[in-house]
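The next block holds one structure in the form of structure tokens; read it before the comments.
The values are calculated or read from the model by the stated rules, or taken from the named source; none is laboratory data. Everything numeric here is computed off the predicted structure, so don't read it as measured data. So basically every Cβ, Gly included, is an ideal-geometry build from the backbone, and we count neighbours across all protein chains shown.
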Amino acid sequence: MKKIAILGSTGSIGTQTLEVVRNNPELQVVALAAGKSVEQMEQQIREFHPLIAGMWSEEAAADLRSRVADLPVKVVTGMDGLLEIAVMPEAQVLVTAIVGMIGIRPTIAAIEAGKDIALANKETLVMAGDIVMPLAKEKGVKIVPVDSEHCAIHQCIKNIADVDKLIITASGGPFLRKSVEDMKNATVEQALAHPRWNMGKKITVDSATLMNKGLEVIEAHHLFDMNYDNIEVVVHPQSIVHSAIEYKDGSVIAQLGLPSMHIPIQYAITYPEKFEGIKSKSFSFAEAARLDFEKPDWNKFKALSLAYEAGKTGGSSTVCLNAANEEAVFEFLAGKIKLFDIINAVEKMMEMHKVINSPSLDEIFAIDNEIRIKTKEYLSRKE
């Protein structure tokens, strides 16, 4: 029996993680945490019977306590609650499906407590990869990626020293066949209409600009200790080949499968074991018929270039990239700016930012806050 704690249990990855648990009697949930979805959390508690449940706000926690007063569950709140869940002795694996920088401290706390990490929180490595990965190595903790692309690479690699190149695939999102002009005038609804994946709003917008792929490049650099010049992005509209690696001898190994997050989630939770998975249907090469690949349009998807630039610059540059992008995406989702304003804001913040080479965790959070404020100020002048 493997016991897991889930941060972000009411979000897209969190709910799909619970679907994996529901399908596998070898998995047990010992803790859940969410933002403000009290009613959904109550339903999850009644089904999965965790020992601890966390809500971000005290108001939501108080509401939840009254709803589950008949159950033996401890309700915690805020960052203190996330940290308590992260280090609880009953949990063997922490699933970090929480969105945003608030996922960093609990992940570090769990690593220090010797917990393995099923990583779905991008900010952990994009902002603090130089802190997190050495700590995981020091503590002997496994960090297994939930992202389908990184999970694919993780499955392909036997010895990283033999790998010459990582090949990360991108669907191209909803604007792959659209013009730059179409993207400039894109609505929120159009940006959220992803052709392959059903995800949360923020990550779907990032997929539309290919910023998501840029963030994945930064994550891959940290996860697999690979130079940025040896990480290639290839557009693959069918999303069947999730990623591939090229060995030094020229051979290429790829991981394929139908677009489903259940597979990488279960892989990350159960690694190194494999259990029977949720399969709506088996993959068929004959039905797939064709697999297309092409180079990304670097002019149309400038976010990808900015991510590579931030990664190669290193230090606090990736903190700046992430913070500016996240704030700008929120403004776009609120209908206040255009899609391309997101990229313009990121580029402007990166131009202004004075890079700190090896920022501490406190410096990372301070820079993140500073860039968010500056991004909002910059975008307010464009409204």
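From the list Leu71, Leu119, the lone residue that is in contact (Cβ under 8 Å) with a residue 12 or more places away in the chain and more than 30 Å from Lys312 (Cβ to Cβ) is Leu71. On the stretch given as region 241-262, residues that are of a type in the set (Asp, Glu) and assigned to a loop (DSSP other than H, G, I, E, B) total 1. Under the condition of being part of a helix (DSSP H, G or I) and among the aliphatic types (A, V, I, L, M), which residue from region 199-215 is surrounded by the most Cβ atoms within 10 Å (Cβ to Cβ)? Here the answer is Ala208. The lone criterion from (1) over 27 Å from Ala86 (Cβ atoms); (2) under 15 Å from the mean Cα position of the chain (by Cα); (3) not aliphatic (A, V, I, L, M) left unmet by Pro195 is number (2). Considered as a group, the residues in region 262-295 that are crowded, with 17+ Cβ neighbours inside 10 Å and of a type in the set (Val, Ile, Thr) include one that is farthest from the chain's Cα centre (by Cα), and that residue is Thr270. Of all the criteria given as (1) at pLDDT 95 or above; (2) surrounded by fewer than 24 Cβ atoms within 10 Å (Cβ to Cβ); (3) closer than 23 Å to His262 by Cβ; (4) assigned by TED's automatic domain parsing to the domain that holds Met55, the one not satisfied by Gly114 is (3).
Exactly one residue out of Asp341, Asp297 is closer than 25 Å to Ser171 by Cβ and assigned by TED's automatic domain parsing to the domain that holds His221: that is Asp297.
Among the residues that make up region 13-27, is at least one of them touching a strand residue (DSSP E or B) at 6+ places or on another chain (Cβ under 7 Å), among the small types (Gly, Ala, Ser) and without any contact (Cβ under 8 Å) to a residue 40 or more places away in the chain? No, the conditions are met nowhere in region 13-27. Reported count of residues in region 352-383, each being at pLDDT 95 or above, polar (S, T, N, Q) and in a helix (DSSP H, G or I), is 2.
Only helices (runs of 4 or more DSSP H) whose full extent lies in region 270-351 are considered here, and the ones with at least 2 residues that are within 21 Å of Leu215 (Cβ to Cβ) are 302-313, 317-333. Per the conditions (1) under 28 Å from Val141 (Cα atoms); (2) among the aliphatic types (A, V, I, L, M); (3) in contact (Cβ under 8 Å) with a residue 40 or more places away in the chain, the sole criterion not satisfied by Leu256 is (3). Being within 17 Å of Ala109 (Cα to Cα) and either buried (at least 21 other Cβ atoms within 10 Å of the Cβ) or not assigned by TED's automatic domain parsing to the domain that holds Lys115 (or both) is the filter here, so list the residues in region 41-75 that pass it. Correct list: Gly54 only.
Can you confirm whether Val233 is touching a residue at least 60 places away in the same chain (Cβ under 8 Å) and within 28 Å of Leu94 (Cβ to Cβ)? So Val233 fails the test.
Of the residues Val163, Val93, Val99, the single one that is crowded, with 17+ Cβ neighbours inside 10 Å, touching a residue at least 60 places away in the same chain (Cβ under 8 Å), under 26 Å from Ala323 (Cβ atoms) and not polar (S, T, N, Q) is Val99.
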